[in-house]
Structure formats: structure tokens, C-alpha cells
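Here the structure is laid out as C-alpha cells; the discussion comes afterwards.
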Amino acid sequence: MWRSFGKKLLGLLVFVLFLSFISFCLLKLVPGDPVRSMLRVDDVAVSREDIADLRNELGLDRPLLVQYGAWLGKLLRLDFGVSYMTYRPVLGEFAEKLPFTLLLTGGSLLVMLVISVPLGALSAVYRNRWVDRFSRVFSLIGSSLPSFWLGLLLIQLLSVKLHLLPPMGGGSLAHLVLPSLTLGVAMSAIYVRLIRSSLLESGGQDFVASAKARGLHPARVFWFHTFRHSLVPLVTLLSESLGSLLGGTLVVEILFAYPGLGKWIVDAIVARDYPVIQGYILFISLCIVVLNLLVELSYRWIHPQLGWKGR
Amino acid sequence: MRTAALPNLKKRMYPRMHQWIWMTTLPLLLLAAIVLAPLLTPQDPYLITVGDRLLAPSEAHLLGTDHLGRDLLSRIIAGIRTTVGTSLLILACSLLIGVTTGLLSGFIGGLWDRLFQRIIDAFMTLPDYIFAVILSGLLGPGLSNLLFAVIAVKWVGYARLARSVALQEKEQDYTALAVLAGVPKFRIVLRHILPHCLGNVLVLAALDLGKIILMIASLSYIGLGPQPPAAEWGSMLNEGQVYFTAAPHLMLAPGAALMLTVLAANLFGDKLRDRFDVKTREEA
Amino acid sequence: MLDIKSLTIASRNRQIVRGIDLSVRPGEWLALAGESGSGKSLTAAAIGGLLPGSLIAGGTLIWRGCEVSKLPPAKRRRLLGREIGYIFQNVQGAFTPFLKIGKQMDEVLYTHTELNRSERIAACLEALADLNLPAQKVYSGYPHQLSGGQLQRAAIAMALILKPGLLIADEPTTALDSLSAHKVLRYINAAQEKHGMSVLWITHDLRHVRKYADRVAIMHLGEIVEQGNAADVLTHPGHAYTRRLLAAVPALSPGAVERPGDNPPEAAAARMEVWK
């Protein structure tokens, strides 16, 4: 098993490199010039020589492949380059921002689970009753709700009107509540229906009937047999929506002026901070690839009979 | 053996007439709103009247006015054209590009197809929203750059779907027969393979419309969309959020318009999916 | 020991079981036979209170002098597993696929007894060994690692682990090939002799009935048309339906060659629908 795991990991690493190459080329293809935006910051007259000098200094005048090779070479030494904006190492800045975004991601996952597991379970148990109808409406509205609008409304209600929570910024647990709530509510819209339908499917399995016939407590049957069986589609959807969750953190971080990766990267894009953008794309794709791998590993625990599926 | 079933297959894959009618209701309504938007606005959505700043809803301004004294209702109606119109355009372009490349790649196969598969994988790995932000940010703000960025993100899903259908259908006997009979490849793709993926692709597209609208609105919200004074729901929300306490309608109205439109699109997509699923189940 | 009096089971628009009376006496093996859809499986489910929510049961069930249908749910659950054991036709469905068999047997003991952990393990291993299974291996294995026959024996071991007074076997052999089927029935027989329990055996196949059952009740369209001593009913069927059922059986003599695959798995799956 570990051999096929290693093989898979290797394949994914090659894939991430390929992705980084594509993004590298893409970055160079789009119009815009980091040198100009860097020099514009100083707000003094810029001569042609200045531009040429800076371009030479940053190595931007060399052929594309040479630039990529240089970037890769540094990468091997875990050197992601230096941000054009702050002149600080990209890796250090990333390490500084990552915990914020991870906290936000974790928080919104928590909110999502707290909302959707009970609601999905209730609407599976009381199918076609009012709970079920409520959850249907909830998920329909939730999936149509622009998350940033929800965030704006929450700010107005909970922090401006009721003064319960800080509206902006980050750093404390209280700062985490509103952004997590915003993202979690929007996410739970899909999960409620998924949990409901997969619980209904699991509840109809023969082994659930057998477990009941053994006189086990209904709660035990539900959590250890029915719900556990429903984890497979749940985990699959989780792995699929991790990407959109990370994307979602981007808007929400800007909305709440939350000092995470999202704000960092948008600032970098506007300033054409290539090393930051390139590093960010690499980080994100690595994160997603690794998380997907973990999800696949978790299938082994959920469904021992499946074994390791080497592709 | 399979060729005998061809006439039936065709009938099954193209929806019947009355289904066409209701399936096209929502798109037609949206199109009508987009075309007629300038006629429907009660006032000029771009007319600045500084004296009428931040007016609450009244008879003269049904939804009130914004921070520059522009009529909010007119701006929301004008926003249908920017927000929904752009989304539909994006959807159409993504469909065209995705389905064409996907079908061709799947049908031609070989080295090109393997490379294509890798490219699709690469696109799929990066979250679409993040990708769109990076692209449109690098291209610079503006409606056409936004359009381009979202298309660049969205075509992949259709390409993947079309490619998988093409790969499936290529294995079928009737395709082989058509090739043997000397039918041009382009014609085979168009007449035999395209109809097979049309149903799935249309359902995917209908379910995607809401997502695209939300994506455009949130990109404009963070300032990557059309620039002022253009009326776009997301950027209207961005402008209006500062004045929430004084003029809550500035934030409520565009948000509600956005939500209702996406809701309508999602309901339509759900219905379409159910209909297609039922059809395949009945005739399978 | 179990008396069923005018049991009815109805769905919203149809009465499926129309008032049957049936008694299971201590230590006897009673076969309840009938074709698919006759309501025999629902009867078995109704005894444990395991009918799906869409079906309503009426009538009275008396277990050792106590009216089961009036018990509160918790007491009724205690009855299941402790005093009434179930085994099902779908051997794959007997165990939850992602839990080790030992864990699931342990769960039953944990729920119904006050034994400590090592006592529970010992009891599980003993119950498995009783059915000639490699106890340690089965205990720490997943259901998918066993063969169909082994699984059904493990299911019997689990049903019998608390030495219930009644074992309800809902077509336990239908999904098995005939060699395994014989084995399973012999194990049930041996367990019955050892513990002296009663067996209520639901079957649609009269072939094994004469060999294993003491009494037989024939069910047709939700009613019991005939019941009595197994040998008598099978040799001198009194009801026209019993005769038809007997005629449908390929070979009745005990030594006759049986055809494997008489009961295709799809039929088995369809039968299990009742339990959902």
C-alpha cells in the first residue's frame, strides 16, 4: 500500500510542477509589467534606464525558460524568491498569513458541520415533514445567496446594530466568528441536502435493519452504522469543495479585512508581484493535491473493504 | 446491431417540441430583460443629481437613490444587462469553446488528447474562483477582462464532460461503422456524438448560470469588474456598503436582486436536471 | 412461548397480513412457509417491532406471558438480541461492512449485558468457536474477508450469543448454495439441541422443511391456510395451495439431487426489501 501511495505522491508532485510551469507561462503572457508598478510606487519620474536596470536586476529580461529554470532552482533550496512589494521572502510572508486562513477554513468547516449535520439528519429522519421542508428552502436560498452579501448583512446586524462582534480585522477568536459564519452558512446549503439523501440511502441498507434487530440503541445504530456509512459521499464532497472554500475565503477575507492569504494575494495581483503570485499558486495547488490524497487515505478507514485504489 | 437504433437515439437526445418551449422560458425571459433593459428603466440610471443623494424609497424613486443621487431601481434594471447579460455571454462562450475542444480532443485521441487531459487537470486543480481572481486581476479591471477571465475558468468543465462523452461514443459500433462508411470526421462528431452530450451539457450549463452570476458579482465586489459608473450589482453593493446605516436600501436592493436571479436560475437548473434524469430513466 | 393473535399488517392502502394466529412452542422448530409476498417476512419483522414506518401492525403479540406490543421501546429493544435473535437472508447485510465482526458482536454484549471487556471477548470467541469458525480470525476480521457460508454462521453466532429463547431465521439459506445451506441449517439444529431454544424459520422452499422443522404453517396472501405437524402437512396437504406449493418444489425426497442456483441473488435482494 505504501508503495502505491508513494507512486501516487510522486505523480502528483510532477503534476504540480507542470501546473507551476503553465502558471509561469501564463503570468508572462498577460499584459502588464511589474517593473512599472514597482517604480510607480515611488511616484517620481521614471527614466527608461531605470526600467531597464530594474528589469535586469529582477532577471525579467531573460528568456522565459531560463527564468523558469532559475525559479525552479531556487525552489529546490526552498527559496520562493522575494516579494517585489515588501522585499521580504515570499515563504516568510506566506507562513505569516497561512495560520489566519487555516483558522478561517477550519472555522467555516465547523460552522458548516454544526448546521448541516443536524439539519440533514433531522430532515432524513423526518422526511417530508416541516424540518425537511425547512431544510429544502434553506439549502435553496443558501446556494443562491451571494456570500459577500450575507457577510455585509451579518456585519450590519451583529456588529453595527448589536455590537456583539468586531466587524473587521483579525487576530482574536471574536474576529473569526463572522467570516466563519458567512462561509459556513453558504457552504452548508449543499451539505444539508447531501447528508439528507445519503443518510436516507444508508438507512435503507440491510445492515442497518440487522443492527436494529440486534436491539441496539437507535442512537448507536444511527451514528455507528448509518452515519458512518454516509461519510463516504460527505468526505468526497468535502474534498471537492475544498477548492471553492479556499476561493470563498478570498472574498470573505477582503470583506472583513481579515489578514489572511486572500487579502495578501489580491494585493499582490494588483501590484503584479510575480514571485508572490507564483508562490501562492504553487502553495494552493500543493495544498489541494495533498488534501485530496489525505481524503483518499481516509476512505481506507471509512471503507476497509475498498482497500487502496491505486490509479 | 447498434446502427438499427440510430433513429431512436436521435429522437431521445433531442428534446421534443413542448419540452423545448418550457426549457427555453427562463433563458428567453432573461434575454428579453437584457434587450429591453434600457426601455424598462423609469429614469436614466447614470443621471447624477447630487441634490437627491441617499433618498429613501418614495414614489418618485421606488427604491430610493444612491450616493450620487442616481435612481436605484433604474440602476438595478440596467444591472440586469451587465450582470446577467455578461453571465449568459460567458456561459455561451464557455459552452462553445469547451464542447468543441472537448469533443474534438476525445474523438481524435492520441497524444493531443493526453496533453489536453493534462491541461484540463491543471485547470481543475486550481479553484476556479481563485484562478478567476488571479487572471482578471492581472488583466486589469474592466468588463471585457472579467469576461475573458471567467470564460478561461469555466470552459474546462464543459470540455471535460464533452471529452468523456466523445471517448465513450467513439467505442460504440455505430461510430466505427460511420468511419468505415467514409463519413467525414467532422460530420460524425456533429451528427452522432454531439447529440449525446447535449443533454448533460445543457443541465450542467443551467446549474452553472447561478454560479457564474455569483462569481461575476463577487469579482466586481472586490473591484475587479466593470468600473464606475457602470451599473453592476456586485459593484453597487461595494459602493453602497459604506452608507448602510443612512441608506440600507443601497445594500438590500442589489443583494436581493442578485439572490432572486440566482434562485430563479438554480430552480430552472434543478427542474431541467430532474426532467433529463426522468427521461433517461424512463427510456433506459 | 410466543403467541401471535390476529396479527394484521397494513400499508396505507392495502392490508398485507390479515389476522393470523400462530404459536411458537418452547423448543420447537416452526417453519412458516409461503411464496414471496405472502407476508411471512413481515410477520417476522412485526414480532420484533421492526416494521418500516409506512406499515402499521395490529393484533397482539405475547412473549412469555407479557404483551410485547404494549412494551415501551427501550424494553422492547432489550427483548431483541437478548431473548429473540434474528438472522437474515442477505448474508452480506448481516454485518455492517466497515466494522470488524468482533466489534459488532461486542456491541451486542455491550448493549445487553454488564460483562467487562475481557469477558465479552471470551464470550464472542466461544460463540464463534461453537459454530466451527476460526474464532480469532473471524473476530478480528472484516465481513468482506469471509465467505458467504462463514458469514451466515458468524451471523448465527451473533444472534445466539445471548442464548435467546427464540431464533427468527428469515430465509437464512436462500442466498447460499445448497451445500452451505445444509451446513447452516445443521448448525441451527445443533444450537437448538444445545440451548433448547425455539426456531421460527421463514422459508419459501419446502425442500428442507420435512428434515428440520417440527411443525409447519403455510401462509398465502396474508393468511395462514394450513398448519400442523411438518410430516403430516407435507405428505397429506389439506389445502389446495399447499398442494400447489409442493408441486412447485423440484424434488422432495431427502436424498434427491438439488440444483444449485435455484434461488438467484436478485430474488434474495427483492425479498430483503421488506426489512427496510
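Here are some notes:
- Top-ranked residue of the range C:50-100 - restricted to ones that are among the small types (Gly, Ala, Ser) and under 13 Å from residue A:211 (Cα atoms), ranked as farthest from the other protein chains (Cβ to nearest Cβ): C:85
- Residue check, residue A:241 surrounded by fewer than 20 Cβ atoms within 10 Å (Cβ to Cβ) and at pLDDT below 90: yes
- For residue C:200, the conditions (1) of a type in the set (A, V, I, L, M); (2) part of a loop (DSSP other than H, G, I, E, B); (3) touching a strand residue (DSSP E or B) at 6+ places or on another chain (Cβ under 7 Å) are fulfilled apart from (2).
- Of residues in the range B:99-133 being farther than 26 Å from residue B:179 by Cβ and either more than 9 Å from every other protein chain (Cβ to nearest Cβ) or in a loop (DSSP other than H, G, I, E, B) (or both), the one modelled with the lowest pLDDT: B:126
- Every residue from the range B:88-144 that is touching a residue at least 40 places away in the same chain (Cβ under 8 Å), farther than 22 Å from residue B:189 by Cβ and surrounded by 20 or more Cβ atoms within 10 Å (Cβ to Cβ): B:90, B:128, B:129, B:132, B:133, B:136, B:137
- Unique match (being more than 12 Å from chain C (Cβ to nearest Cβ) and either crowded, with 21+ Cβ neighbours inside 10 Å or not small (Gly, Ala, Ser) (or both)) among A:232, A:137: A:137
- Residue under evaluation residue A:209, criteria (1) touching a Ser or Thr at 6+ places or on another chain (Cβ under 6 Å); (2) surrounded by 23 or more Cβ atoms within 10 Å (Cβ to Cβ); (3) of a type outside the set (Phe, Trp, Tyr); (4) away from chain B (no Cβ under 13 Å), criterion not met: (1)
- With respect to the conditions (1) over 29 Å from residue A:138 (Cα atoms); (2) modelled with pLDDT of 80 or more; (3) away from chain A (no Cβ under 11 Å); (4) touching a Pro at 6+ places or on another chain (Cβ under 9 Å), residue B:229 lacks only one, and its number is (2).
- Within the range A:99-158, the residues that satisfy the criterion of being outside any helix (DSSP H, G or I) and either closer than 24 Å to residue B:259 by Cα or without any contact (Cβ under 8 Å) to a residue 40 or more places away in the chain (or both) are A:126, A:128, A:129, A:145, A:146.
- Residue under evaluation residue B:212, criteria (1) within 22 Å of the chain's Cα centre (by Cα); (2) more than 14 Å from chain A (Cβ to nearest Cβ); (3) crowded, with 24+ Cβ neighbours inside 10 Å, criterion not met: (2)
- Leading residue by the ranking (surrounded by the fewest Cβ atoms within 10 Å (Cβ to Cβ)) among those in the range B:232-241 that are touching a residue at least 24 places away in the same chain (Cβ under 8 Å) and either aliphatic (A, V, I, L, M) or within 11 Å of another protein chain (Cβ to nearest Cβ) (or both): B:240
- Filter result for the condition that a residue is of a type in the set (Gly, Ala, Ser), away from every other protein chain (no Cβ under 14 Å) and more than 21 Å from residue B:201 (Cα to Cα), over B:78, B:92: B:78
- Listed by position, the helices (runs of 4 or more DSSP H) inside the range B:10-88 whose residues that are within 30 Å of residue B:197 (Cα to Cα), at pLDDT 75 or above and within 29 Å of the chain's Cα centre (by Cα) number at least 1 are B:25-40.
- Residue check for residue B:239: over 27 Å from residue A:190 (Cα atoms) and touching a Cys at 6+ places or on another chain (Cβ under 9 Å): no
- Pick from the range B:138-157, criterion away from chain A (no Cβ under 14 Å) and in contact with a Cys (Cβ under 9 Å, 6 or more places away or on another chain), ranking: farthest from residue A:266 (Cα to Cα): B:155
- When B:219, B:177, B:194 are checked against the criterion of being under 21 Å from residue B:92 (Cβ atoms), touching a helix residue (DSSP H, G or I) at 6+ places or on another chain (Cβ under 9 Å) and at pLDDT below 85, B:194 stands alone in meeting it.
- Scoring residue C:161 on the criteria (1) within 24 Å of residue A:208 (Cα to Cα); (2) at pLDDT below 85 leaves a single failure, condition (2).
- Test: residue in the range A:252-269 that is buried (at least 20 other Cβ atoms within 10 Å of the Cβ) and of a type in the set (D, E, K, R): yes
- Residues of the range B:246-268 satisfying the condition of being polar (S, T, N, Q) and either more than 8 Å from chain A (Cβ to nearest Cβ) or surrounded by 24 or more Cβ atoms within 10 Å (Cβ to Cβ) (or both): B:261
- Residue in the range C:175-183 that is outside any strand (DSSP E or B), among the aliphatic types (A, V, I, L, M) and within 14 Å of the chain's Cα centre (by Cα) present: yes
- Taking the range A:270-280 as the range and being within 10 Å of chain B (Cβ to nearest Cβ) and modelled with pLDDT of 85 or more as the test, the residues that pass are A:277, A:280.
The values are calculated or read from the model by the stated rules, or taken from the named source; none is laboratory data. As the structure is a computational prediction, the values presented were derived from the model and not from experiment. Note that we place each Cβ from the backbone using ideal geometry, even for glycine, and neighbour counts take in every protein chain shown.
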